[in-house]
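These notes are about the structure you will find just below.
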Amino acid sequence: MVKAWYMDSETTDQRLEHHKNPPEFISLEDLFKKTGVEYFKLNVETYATDGVLDKLKKERGYTYEDEMACSKECLPNYEEKIKSFFTEHLHTDEEIRFILDGSGYFDVRDGADQWIRIAVGAGDMIVIPSGIYHRFTLDTNNYIRAKRFFIGEPVWLPYNRPADEMPARKEYIDKLQKGFVAAAC
Ligand code: KMT
Ligand code: NI
């Protein structure tokens, strides 16, 4: 089961959980309400044939997909990439990751600028909205393999904070103020 919690403070340590004491966990429902981050559970054994991922891709218009692995052995320019993933940034599009193997942490800022850490592992699919400040780090396993999805031609460019004047940021703030509402299904 995926877990999310409030982090204790600013940290540059990529290898520790850093939760508050006592830990302040947050449900997936609250995570969505507070940040717009969406979560889907998939079966890593059957996703290719069970139709759940196919339905999601169709509904959400994910026309592009590829696979990436993050480890010292598999990722070219590992140190540099890991550093840039962990630098607080935003994108002009959703960041969609479906974890096939390994684990890691996505950190996202809530509306009060507090870090929420989301621990992901095999079977977790996470959608990070465009315009939200976030970062990613491996945990102590130092390994993750994930599928990436995109609507149309992929743009992976990060815009490091501060990027408050970007339209994607302004649109995100607008949605945050209006409140995130789940799509009718
Ligand atoms: C990103 O953009 O932060 C990544 O792709 C990180 C690895 S995907 C689990
Ligand atoms: Ni990102």
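The values are calculated or read from the model by the stated rules, or taken from the named source; none is laboratory data. The shown structure was predicted, so the numbers you read here are calculated from the model rather than taken from an experiment. Here the Cβ is made from the backbone with ideal geometry for all residues, glycine too, and neighbour counts use every protein chain on show. Surface accessibility is based on the protein's heavy atoms, side chains included, excluding ligands, DNA and RNA. Shrake-Rupley method; radii C 1.70, N 1.55, O 1.52, S 1.80 Å.
Contour minus end-to-end for N77 and V52, with contour as 0.36 nm per residue of separation and end-to-end as the Cα-Cα distance? Let's see the in-between values first.
Values: separation 25, 0.36 × 25 = 9.00 nm, distance 3.39 nm.
Length gained, N77 through V52: 5.6 nm.
Label points 7 Å out from Cα along the Cβ direction at E153 and K3: separation in nm?
Distance between the two pseudo-spin positions: 4.3 nm.
How much FRET efficiency would the formula 1/(1 + (r/R0)^6) give for T92 and E24, where r is the Cβ-Cβ distance and R0 is 45 Å, rounded to 0.05?
Once the sixth-power term is evaluated, E becomes 0.90.
Obtain the nm distance between the two label points defined at N141 and E17 by a simple spin-label model: each point lies 7 Å from its Cα along the Cα-to-C-beta direction.
Here the modelled spin labels are 1.5 nm apart.
With n ≥ 4 as the cut-off for DSSP H runs, can you work out [θ] at 222 nm for the chain, using -39500 (n - 2.57) per run divided by the number of residues, rounded to the nearest 500? All intermediate terms of the calculation are to be shown ahead of the outcome.
Details: 4 runs with 37 residues, N = 185.
About -5500 deg cm²/dmol.
Mind giving me the FRET efficiency for R161 and K41? R0 is 30 Å, r the Cβ-Cβ distance, nearest 0.05 is fine.
Numbers: r = 30 Å, r/R0 = 1.01.
Rounded to the nearest 0.05, the efficiency is 0.50.
Which whole-angstrom value gives the distance between the alpha carbon centres of the stretch 67-98 and the stretch 99-157?
So the two Cα centres are separated by 9 Å.
When the accessible area of the chain is computed with all protein chains present and a 1.4 Å probe, what percentage of it is carbon and sulfur?
The computed percentage sits at 52.
Rounded to the nearest whole Å², what accessible area per residue is found for the chain with the 1.4 Å probe? Don't skip to the answer; put the middle values down first.
Values: 9950 Å² over 185 residues.
With the other protein chains kept in place, the chain gives 54 Å² per residue.
For all pairs of alpha-carbon atoms in the stretch 3-178, what percent lies in each bin of width 10 Å, listed from the first bin to the last filled one?
Answer for the stretch 3-178: a P(r) of 9, 38, 40, 13, 0 percent.
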